[in-house]
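A short write-up of the structure that comes next.
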Amino acid sequence: MASSKEIKDRIGSIQDTMKITNAMYLISSSKMKKAKKNLADTEPYFFGIQDVAKRILRHAPDLENIYFDQRMNIRDEERKIGYIVITADKGLAGSYNHNVIKTVLEQYKIRKTKKNSLFVLGEYGRHYFEKKGYIIDHLFHYTVQSPTMHRARVIAEKMVDLYLNYNLDEIYLIFTKMINALHSETQVLPLLPQKKYSFSEESTDNLREESFFYPNPDSVMNSIIPDYISGVIFGALVEAYTSEQNARMIAMEAATRNANEMLKELSIKYNRARQAAITQEVTEVVSGAKTKNRKK
Amino acid sequence: MISFSLKVIASDKVFFDGKCDILIVPAIDGEMTVMANHENMVIALDTGEIRIMKEDETWIHAVIGIGFAEIEDNITTIIVDTAEYPEEIDVKRALAAKERAEEQLRQKMSTQQYKHSKASLARAMSRLRITKNL
């Protein structure tokens with residue numbers, strides 16, 4: 001049995017760690033509240049822009065637009081694919097970062113091409129991929145803390161530029177979407193090129209005439225698509241940030257609970273050890289006194 | 001007057017949701033007016049002033065950023081990155097942004113930077129115009 005001093009040191013160290021996890025829990029729960037409000041404010045836009053864009057694409061006349069060019073002439077092995085990956089700046093968020101990284105690696109396996117490039121948001125993911133020797137864009141340096149529309153616009157502009165200059169043939173966005181307070185899910189969202197919905201996929205309730213595009217379909221698409229992409233990136237940043245805070249909150253709550261349990265067990269052990277020491281001392285004193293009495 | 005439903009969604013809030021009689025939006029080549037029973041249409045929007053006449057004939061003036069408007073069966077949805085009331089605009093900030101953009105436009109720069117400065121100048125100008133500071 002460990003000595004009572006050892007147990008006491010152990011209790012002390014657990015109490016210190018618990019103070020930290022508890023503080024982190026409080027911090028992330030207050031950040032989470034802010035992020036959730038932000039998310040609620042952004043959700044109409046995020047979903048609205050996706051819905052409307054989808055509806056427009058479904059009713060758009062056939063058009064030749066660069067954003068819809070699937071670049072079929074480029075073979076699977078030759079395609080240059082860019083992934084925008086959203087991770088956290090720090091660890092200690094349960095499986096949040098690992099799920100994102102796992103999804104990226106799965107994507108790498110599925111596609112035949114070797115010409116992948118990563119655009120990583122968040123320090124954690126950047127360090128991970130750098131250490132493992134993946135090609136990442138080092139100039140792509142943005143934080144994931146408190147997302148802003150401006151940052152999303154800058155990112156979208158850069159990605160659209162890479163696409164238009166044929167440096168990338170496909171762009172995907174990998175982020176974590178919050179489903180409810182206990183559940184989140186990593187998503188892979190294709191950004192470019194956009195798919196035009198064919199009429200065969202269309203459900204029956206959407207039968208209607210083609211909309212008129214002002215001034216013309218091409219210029220409307222040219223103004224909608226970059227906007228749509230920055231909107232989607234912004235929405236994804238907000239979703240990911242909220243999921244991160246949520247994951248950290250849950251992880252820290254579990255850590256604090258575990259620490260409490262350990263403290264309970266250790267304090268029982270400590271009391272036993274102390275009791276045993278006292279008992280032994282008493283026995284020693286008593287037996288010592290006995291021998292002394294006998295000698296008399 | 002016949003009214004129609006209008007929803008203006010900005011990236012950080014739902015700016016307007018309700019009935020209106022007349023809607024005037026800044027299209028790429030000038031302003032366009034939408035009234036009830038308008039043809040189904042998708043319009044690309046530029047930075048500028050948007051005017052909404054509600055059913056009680058009062059007008060709402062606001063500044064919007066780039067985006068688009070979709071008119072479908074008397075339901076109009078406008079999706080823009082920003083939408084602000086004149087009262088919400090920080091005149092000093094807009095003035096500073098205007099000066100900064102003009103300063104940058106005077107210097108040599110890449111096409112992308114040029115586009116940026118042009119866009120921020122347009123944003124600042126429309127903000128100032130609606131607050132009658134230009």
For chain B: accessible area per residue (Å², 1.4 Å): 52 Å²
Other protein chain Cβ atoms within 10 Å, averaged over every residue that makes up B:6-16: 5
Selected from A:Ile66, A:Ile268, A:Ile49 as most flexible by GNM, with chain A as the system and alpha-carbon contacts under 10 Å: A:Ile268
Out-of-range pairs (alpha-carbon distance over 19 Å; input A:Lys33/A:Lys177; A:Lys37/B:Lys13; A:Lys54/B:Lys54; A:Lys158/B:Lys118): A:Lys54/B:Lys54
Nearest-ten-degree value, helix B:91-106 long axis tilted from longest Cα axis of chain B: 60 degrees
Paramagnetic reach from A:Asp69 in the stretch A:224-260 [backbone N under 18 Å; point 7 Å along Cα→Cβ]: A:224-226
Accessible surface buried upon A-B contact (total; probe 1.4 Å; Å², nearest 100): 2300 Å²
Label-to-label distance, nm, for residues given as A:Glu78 and B:Ile75 (7 Å Cα→Cβ offset): 4.5 nm
Two-site FRET efficiency, A:Ser117 against B:Glu55, from Cβ-Cβ distance with R₀ of 56 Å, rounded to 0.05: 0.60
Max mean-square fluctuation residue, GNM over chain B, Cα-Cα springs under 10 Å, options B:Arg106, B:Arg123, B:Arg93: B:Arg106
Label-to-label distance, nm, for residues given as B:Val14 and A:Ile135 (7 Å Cα→Cβ offset): 4.6 nm
Two-site label geometry, A:Leu105 and A:Leu266: point separation in nm, points 7 Å out along Cα→Cβ: 3.3 nm
Dipole magnitude of chain A, debye to nearest 20 (Cβ charges: Lys/Arg +1, Asp/Glu -1, about Cα centre): 2820 debye
For A:Ser267, net neighbour charge (Lys/Arg +1, Asp/Glu -1) across residues whose Cβ lies under 13 Å away: +4
Cβ charges +1 (Lys, Arg) and -1 (Asp, Glu), total dipole of the stretch A:29-88, debye: 560 debye
Full-stretch length increase - A:Leu26, A:Tyr166 - with 0.36 nm per residue and alpha-carbon distance subtracted: 45.7 nm
Karplus (6.51, -1.76, 1.60) ³J(HN,Hα), θ = phi - 60°, over the stretch A:86-95, in Hz, Gly and Pro reported as x: 9, 10, 9, 7, 10, x, 6, 10, x, 8
Number of partner chain Cβ atoms within 10 Å, mean per residue of B:43-52: 2
Chain A: most fluctuating residue of A:Asp89, A:Asp16, A:Asp69 per GNM, C-alpha cutoff 10 Å: A:Asp16
Principal-axis tilt of helix B:111-130 within chain B, Cα atoms, nearest 10 degrees: 60 degrees
Rounded to 5, the percent of DSSP beta bridges in chain A classed as antiparallel: 45 percent
Positive dipole terminus of the protein assembly as shown, leading residue within A:Leu189, A:Met24, B:Ala62 (C-beta point charges): A:Met24
Fraction in percent of alpha-carbon pairs per bin - 10 Å, the protein assembly as shown: 4, 17, 23, 22, 14, 7, 5, 4, 2, 2, 1, 0, 0
Accessible-area composition of the stretch A:36-96, carbon plus sulfur, in percent [1.4 Å probe]: 48 percent
Chain A, accessible area per residue, ligands and nucleic acids excluded (1.4 Å, Å²): 56 Å²
Share of pairwise Cα separations in chain B, more than 27 Å, in percent: 23 percent
Helix axis angle, A:96-110 relative to chain A longest principal axis, alpha carbon, degrees: 50 degrees
Extension gain, A:Asp89 back to A:Glu284 (0.36 nm per residue minus Cα-Cα distance, nm): 64.3 nm
Value of relative contact order over chain A, rounded to a whole percent, pairs C-alpha under 8 Å and six or more apart: 32 percent
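The values are calculated or read from the model by the stated rules, or taken from the named source; none is laboratory data. Given the structure is predicted, the values throughout are model-derived calculations rather than measurements. Don't worry about glycine lacking a Cβ; one is built from the backbone with ideal geometry, like all the others, and counts go over all protein chains shown. With ligands, DNA and RNA removed, areas are computed over all heavy atoms of the protein, side chains included. Shrake-Rupley method; radii C 1.70, N 1.55, O 1.52, S 1.80 Å.
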